[in-house]
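A quick write-up on the structure given underneath.
The values are calculated or read from the model by the stated rules, or taken from the named source; none is laboratory data. Just so it is clear, the model here is predicted, and its values are computed rather than measured. Glycine gets a Cβ as well: all are built from the backbone with ideal geometry, and neighbour counts include every protein chain shown.
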Amino acid sequence: MVAFAQRSFSGGEISPSLYPRVDQAKYASSLKTARNFAIARNGGAFNRPGTGFVAEVKDSNRTVRLIPFVFSNDQTYVMEFGHNYIRFYDDGGQVLEAEKTITGATQADPCVVTSNSHGFLDGEEVYISGVVGMTTLNGRNFKVTGVTTNTFNLVYMDGTNVNSTAFTAYASGGTVARVYTVTTPYNEEHLQDIQFVQSADVVTLVHQSYAPRNLSRTSITNWALAEITLAPSLSAPTFTVSGGAGTASVYVLTALKQDSYEESLASAEVGSAVTASSGTPVTITITVSTTGAIEYNVYKKTNGVYGYIGTMAGTTFVDNGIAADALDTPPTQGSITTAFSYTYTKQADPATLPAGTGNCAAWSPDGQFLAIAHATSPYITIYQLSGTTLTKIADPATLPAGTGNWCAWSSDSAYLAVAHATSPFITIYSVSGTTFTKIADPGTLPTGIGNGCDFDGDSSSGLLAVAHDTSPYLTVYSYSGTTFTKLTDPTNLPTNNAQSVSIVGYFSYPSSGGRRIAVGHVGSPYLSIYTYRVIFPSTVYFQRDYTPTTVPPSTGNGVAYSPDGSYLALAHPTSPYVSIYNTIASTKYPDPASLPASTGQDVSWSSDGQLMFVAHTTTPFVTIYRRDGTTFTKLTDPTTLPDGNGNGVASSSDDGLLAVAHATSQFITIYGRSFSAPGAVTYHQQRLCYANTGALPETVWCSRTGAYKNFTLATPVSDDSAIIFTVAGRQVNRIKHMLSLNRLVLLTEAGEHTADGDAAGMLTPTAINLRQQSYNGSGSLSPLVVGGHAIYVQARGTKVRDLVFDQNVEGLRGTDLTIFASHLFDGYTLRDWAYQQEPNSTVWAVRSDGTLLGCTIVREQEILAWHRHDFDGTVEQVCCVPEGDEDAVYLVIKRTINSVTKRYVERMKTRQISDISDSVFVDCSLSYDGRNTTAMTMTLSGGTTWAYDETLTLTASSAFFSSSDVGNEIQLTGSDGTVIRFRIYGYTSTTVVTGRPHATVPVVMRSAAITTWTKAVDELTNLWHLEGKAISVVGDGFVVASPNNSAYATLTVTNGAVTLPRPYGVIHAGLPYISDLQTLSIDTAQGETVMDKKKLIGKVVLSVQQTRGLWVGSKPPSDDAVNPLEGLREQQAHDDTNYDVPVDLVTDVVDLNIQTDWDSSGSIFVRQVDPIPATILAAVPVGLVPIR
């Protein structure tokens, strides 16, 4: 018999292409398979812990991004960035706002909850707990609709009603808390490319499609997201000069900040009619000082240049002819403010212009066409777009009957509708190539002039709404193919002529075609909002549900929902000319600081909802706003303005072009959009550094030292001045990432550079010293710092490399960290990753197919070990933050639950095991812990024999029991460690129950107040997130259910619960997973190979630590779906005879006889199918191995 010992698994899982490479030193410590087994920093292998369910993301139909917030080791959060929002997680739980008291809940469809002055808004998410009676609501998240001051309806997270008719009636109590949420401008498609850097309570966020922003924390439920103003922290003072107004002596002042002496930008210039001299001095007097300033610098203009003449500590300064130092000038903003901005530039006019006043512009969603509705025949002009050139196509054979007032496209660009002034008031064209063919008019036409129209749907089916003169003012058609059928008019019609209409999908009823229809009209309330949805196949709900809480001041000329339906904007004739609301207009947002110049005619949005456009009368005729949450900031007007009153405005589907339809020839003006914002950010040597704008992809901007918003330039240049430099090369290579590692590391598309600074390593404006370190190029994932070194994903996303300082070359060198495990990366990319420093120095990486890869890296011990993990779902995000004495791993996992897609935030459980009852080895788990943590005592009384067959009384020191406790147990632990399981058979009151012990009660526990006790239950509820799933369950350290092991029962979640065979005090339930470890084939690099020799392995010796229940064989089962334990033998038999003490975990050397078979491998296959821990420190196959 021969034994080959493998004493470490520090090489991890290696590629099949390396199986013959026994000559590699790494071979002896590597594995063929490490699936759901991770490698420890000591070289052992352990089955990974399970995950705990934290929460469903806000909208499971959209992807999210997890970003860490680490203020200190004991103040950390995980932030869920979703489409236009952030939510927060703290120590495994959602951050909630203050609780509101519930006073009622109806048995109805939908369930209506009463909570006085709750303050919630439609669509918000809440968490309910503590309800007595209708307990089905407890421990769950819902969304609210139908909000009134004191009530709201409940809908499930997927938008369907909570039908509570069959729930137990509400009795009393309960609280409801809103999930704390911050509004953001970030759209779903941009989330993965956000880069961030943190300093204390502030996270700086950058993305090339958004202005840089700071996310600041004041408290756990007080976060603010604000656009960064790149300017000194102080403003300049206001001052006067003596001698009367003039230009003989002209001055500017700057303020110097107390402590740091940061200098403000220069004030507005003020001039004196007196030429300062000793005989005619000029006195400068500050009239409005700067808060926080300690001194002021004075500059005087000489030959057009402001030069320094002195510093004033008080409020006056006398210039008696002081010569200005032209080499010492006040700070200027530099190029950074122009580098980070939107610009709209007029494009060439189409060769053929509309025939009359342009009333509306509409781009087709596919980006091919621009339609202009206008006065004068042909009333509609259609252009085809090629690049930035618009070419008029042939007019439709059948034209609209009169002036085109509006036009709109179906979502697939297959239909174009034109609302016009003459019957039939609406004309609909089908589109084929560049041919627009009028389809049959609807059977019922609008009753008056068509002023506006909007589609919601594609060419197969949907809605078309027409706003028009004459009652009913709003006509809505449902259509199928080319058949348009008028719907029954809604209840509560608009009050007068409808001028505009906008439709958006309504989230609460996605399966019933729910829409919101906003109508701008003449007559108060000027804006009406209708809800349309199909309740049953034959029943349609269509009525006005909302009017604005704050009524617009006048006629709604133009109305538009933002693309995601979060905002509703109305253009009107009276100041403020545009009003902005939430979706149902129950909340009016603050007016922009700079208003449109006059009557608002139309309003529209960019496709990403970041920009709002208002067409209006009076120059500049179009006003563009950038949205930051609910704040709208006016952008600089285009250099070339439209020729006349703006009537319609629309942004192309890719937002690259903006069309304004207007009065006065040319009747249409087209603008091209450019936007420049940084795509990379970091801190380096007390400077905040930005890089890679769209226009300047190779440029880096660094702030002044210690002044992170100050990028000013001045003469003379000092070491702490702001820095600007460019990484020039033979081709343009965008700076993808920046990292501070003693020097500033710049990762570009084609190589890795460092800015080494001066001889001391300090980066200054005059000492950049760029050096290219390697030529690999970087991918999109931000680099990680592991053990003081950087690791990054190489360009094209299939390799991971490190950057390590090498004394031999006095620079950075890198190695491919994936070369020994290339099979895990070939054909895949990495979509997210994070570093878990404690306990095992592990990099977790999300592969493009949803597999989670792990890599244990301990450079000083030469440990580099890849392992892979699956979760019965698709992993999409990973994030690590310190929590307690280790780093917590958070995941977003896309799962299919009851045939519905769900995205869950889950947290990996700890692997530090002190009590088998606390170990969690199931995924998406929910735990119940009935152990007493209060001062409440339990006292057994009423016994004679105190034996198992005698009924005893159990009394709690305060209210605890309910009638539903019958069948549960109270597990009492005596001072000597004896456990008595008291089964409850009768309920007397909230403090008294009766029942029987499972064994004779020891004398010391009779009539004694016991503080160490556990409530054990036989039903686990609140498993709604796993509805319909077969789950694994561990209770008090016993395996209760394990779907992959036929020795145990199968439990399936039904109505959010499972029933257990007996009560347990500590329960963990969740999805099962299988953990596999397989060693490489037996071979030796010394002497003749034994690779070709048949081997017979009959026994396996394992060194294990805190392990139970392994299955071992010589090879994996042939088909896990048929029998996951085929050919495997168990480490130890089950022992369920002692209900009080589970089978011990083993730390020892164990021998297992396995099923023997002659083969050429000699490898060992180890599997853990049950939800219990397993750690393998070494493996020794023992058997016949022919060796010459």
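Would you check which residues across the stretch 117-147 are assigned to a strand (DSSP E or B) and among the acidic types (Asp, Glu) and list them? Don't jump to the end; show me each part of the working.
Our first condition is that a residue be assigned to a strand (DSSP E or B); within the stretch 117-147, this holds for 125-129, 132, 140-145.
Result: GLU125, single match.
Could you tell me how many of the residues in the stretch 1109-1131 are in contact with a strand residue (DSSP E or B) (Cβ under 7 Å, 6 or more places away or on another chain), surrounded by fewer than 22 Cβ atoms within 10 Å (Cβ to Cβ) and assigned to a loop (DSSP other than H, G, I, E, B)? Please lay out each step first, then the result.
Initially, the stretch 1109-1131 is screened for residues in contact with a strand residue (DSSP E or B) (Cβ under 7 Å, 6 or more places away or on another chain), giving 1109-1116, 1125, 1127-1131.
Then drop every residue that is not surrounded by fewer than 22 Cβ atoms within 10 Å (Cβ to Cβ), which leaves 1115-1116, 1125, 1127, 1129-1131.
Okay, now just the ones that are also assigned to a loop (DSSP other than H, G, I, E, B), so 1115-1116, 1125, 1127, 1131.
Adding up the residues that qualify gives 5.
Yes/no per residue for (1) out of contact with any helix residue (DSSP H, G or I) (no Cβ under 8 Å at 6 or more places or on another chain); (2) closer than 15 Å to LYS588 by Cα; (3) modelled with pLDDT of 85 or more; (4) among the charged types (D, E, K, R):
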{"position": "SER511", "(1), (2), (3), (4)": "yes, no, no, no"}
{"position": "VAL522", "(1), (2), (3), (4)": "yes, no, yes, no"}
{"position": "TYR526", "(1), (2), (3), (4)": "yes, yes, yes, no"}
{"position": "VAL534", "(1), (2), (3), (4)": "no, no, no, no"}
{"position": "PRO537", "(1), (2), (3), (4)": "yes, no, no, no"}
{"position": "PHE542", "(1), (2), (3), (4)": "yes, no, yes, no"}
{"position": "VAL551", "(1), (2), (3), (4)": "yes, yes, yes, no"}
{"position": "THR555", "(1), (2), (3), (4)": "yes, no, yes, no"}
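Could you tell me whether the stretch 687-709 includes any residue that is at pLDDT 90 or above, in a loop (DSSP other than H, G, I, E, B) and of a type in the set (Lys, Arg)? Yes; the residues of the stretch 687-709 include at least one that is at pLDDT 90 or above, in a loop (DSSP other than H, G, I, E, B) and of a type in the set (Lys, Arg).
Within the stretch 850-883, the set of residues being within 19 Å of GLY814 (Cβ to Cβ) and of a type in the set (Asp, Glu) comprises GLU860, GLU862. Exactly one residue out of GLU862, GLU876, GLU810 is surrounded by fewer than 20 Cβ atoms within 10 Å (Cβ to Cβ) and in contact (Cβ under 8 Å) with a residue 40 or more places away in the chain: that is GLU862. Taking the numbered list (1) among the polar types (S, T, N, Q); (2) on the phi > 0 side of the Ramachandran plot; (3) buried (at least 21 other Cβ atoms within 10 Å of the Cβ) in turn, THR682 passes all entries but (2).
None of PHE37, PHE53, PHE46 is within 34 Å of the chain's Cα centre (by Cα), modelled with pLDDT of 95 or more and under 30 Å from ILE194 (Cβ atoms) except PHE53.
When you check ASP259 against the structure, is it charged (D, E, K, R), at positive phi, out of contact with any Pro (no Cβ under 6 Å at 6 or more places or on another chain) and surrounded by fewer than 17 Cβ atoms within 10 Å (Cβ to Cβ), yes or no? Step through it out loud before you land on a result.
On the way: charged (D, E, K, R): yes; at positive phi: yes; out of contact with any Pro (no Cβ under 6 Å at 6 or more places or on another chain): yes; surrounded by fewer than 17 Cβ atoms within 10 Å (Cβ to Cβ): yes.
Spelling it out, ASP259 is indeed charged (D, E, K, R), at positive phi, out of contact with any Pro (no Cβ under 6 Å at 6 or more places or on another chain) and surrounded by fewer than 17 Cβ atoms within 10 Å (Cβ to Cβ).
Looking across the stretch 185-205, the residues that are more than 20 Å from PHE71 (Cβ to Cβ) and either basic (Lys, Arg) or outside any helix (DSSP H, G or I) (or both) come down to PRO185, TYR186, ASN187.
Here ALA98, ALA55, ALA34 are screened, and the one residue that is closer than 16 Å to THR181 by Cα, small (Gly, Ala, Ser) and assigned to a strand (DSSP E or B) is ALA55.
Looking across the stretch 201-230, the residues that are surrounded by 15 or more Cβ atoms within 10 Å (Cβ to Cβ) and modelled with pLDDT under 90 come down to SER209, TYR210, ALA211, GLU227, ILE228, LEU230. Does SER423 satisfy the criteria of being at negative phi, surrounded by 15 or more Cβ atoms within 10 Å (Cβ to Cβ) and in contact with a strand residue (DSSP E or B) (Cβ under 8 Å, 6 or more places away or on another chain)? No: the conditions fail for SER423.
Every listed requirement among (1) part of a helix (DSSP H, G or I); (2) within 17 Å of the chain's Cα centre (by Cα); (3) hydroxyl-bearing (Ser, Thr, Tyr) is met by SER60 save one, (1). The criterion of at least 2 residues that are of a type in the set (A, V, I, L, M) and in contact (Cβ under 8 Å) with a residue 12 or more places away in the chain is met by the following strands (runs of 3 or more DSSP E) wholly inside the stretch 252-356: 282-288, 293-302, 305-312.
Each row is one residue, and each column tells you yes or no for (1) assigned to a loop (DSSP other than H, G, I, E, B); (2) assigned by TED's automatic domain parsing to the domain that holds PRO548; (3) touching a residue at least 12 places away in the same chain (Cβ under 8 Å); (4) over 25 Å from THR539 (Cβ atoms).
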residue	(1), (2), (3), (4)
THR422	yes, yes, yes, yes
VAL431	no, yes, yes, yes
ASP454	no, yes, yes, no
THR470	yes, yes, yes, yes
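Can you tell which of PRO576, PRO592 is surrounded by fewer than 23 Cβ atoms within 10 Å (Cβ to Cβ), touching a residue at least 40 places away in the same chain (Cβ under 8 Å), more than 22 Å from SER411 (Cβ to Cβ) and not hydroxyl-bearing (Ser, Thr, Tyr)? Let's see the steps before the verdict.
Details: PRO576 fails: touching a residue at least 40 places away in the same chain (Cβ under 8 Å).
Only one candidate passes the filter, namely PRO592.
Residues of the stretch 335-344 that are out of contact with any Lys or Arg (no Cβ under 8 Å at 6 or more places or on another chain) and surrounded by fewer than 18 Cβ atoms within 10 Å (Cβ to Cβ): SER335, THR337, THR338, SER341. Selection within the stretch 447-469: residues that are β-branched (Val, Ile, Thr) and in contact with a Pro (Cβ under 8 Å, 6 or more places away or on another chain). The member of this set that is surrounded by the fewest Cβ atoms within 10 Å (Cβ to Cβ) is THR447.
One residue stands out among those in the stretch 68-96 that are touching a strand residue (DSSP E or B) at 6+ places or on another chain (Cβ under 6 Å) and among the aromatic types (Phe, Trp, Tyr): the one that is nearest to ASP564 (Cα to Cα), which is TYR85. Screening SER459 with (1) within 43 Å of the chain's Cα centre (by Cα); (2) in a loop (DSSP other than H, G, I, E, B); (3) modelled with pLDDT of 95 or more gives one miss only, at (3).
Checked against (1) part of a strand (DSSP E or B); (2) in the same structural domain as ASP1036 (by TED's automatic domain parsing), ARG907 meets all criteria but (2). When the stretch 1154-1188 is filtered for residues that are buried (at least 24 other Cβ atoms within 10 Å of the Cβ), over 47 Å from the mean Cα position of the chain (by Cα) and under 13 Å from GLN1131 (Cβ atoms), nothing remains.
ARG41: surrounded by fewer than 19 Cβ atoms within 10 Å (Cβ to Cβ), among the basic types (Lys, Arg) and in contact with a Ser or Thr (Cβ under 8 Å, 6 or more places away or on another chain), yes or no? Yes: the conditions hold for ARG41. Of the strands (runs of 3 or more DSSP E) lying entirely inside the stretch 766-811, those carrying at least 3 residues that are outside the structural domain of PRO68 (by TED's automatic domain parsing), of a type outside the set (D, E, K, R) and touching a His at 6+ places or on another chain (Cβ under 9 Å) are 770-774, 800-806.
Pick out the one residue from THR856, THR939, THR934 that is assigned to a strand (DSSP E or B), out of contact with any Asp or Glu (no Cβ under 8 Å at 6 or more places or on another chain), farther than 30 Å from ALA28 by Cα and of a type outside the set (D, E, K, R). Quick ask: steps written out before the conclusion?
Details: THR856 fails: farther than 30 Å from ALA28 by Cα; THR934 fails: assigned to a strand (DSSP E or B).
Of the residues listed, the single one that is assigned to a strand (DSSP E or B), out of contact with any Asp or Glu (no Cβ under 8 Å at 6 or more places or on another chain), farther than 30 Å from ALA28 by Cα and of a type outside the set (D, E, K, R) is THR939.
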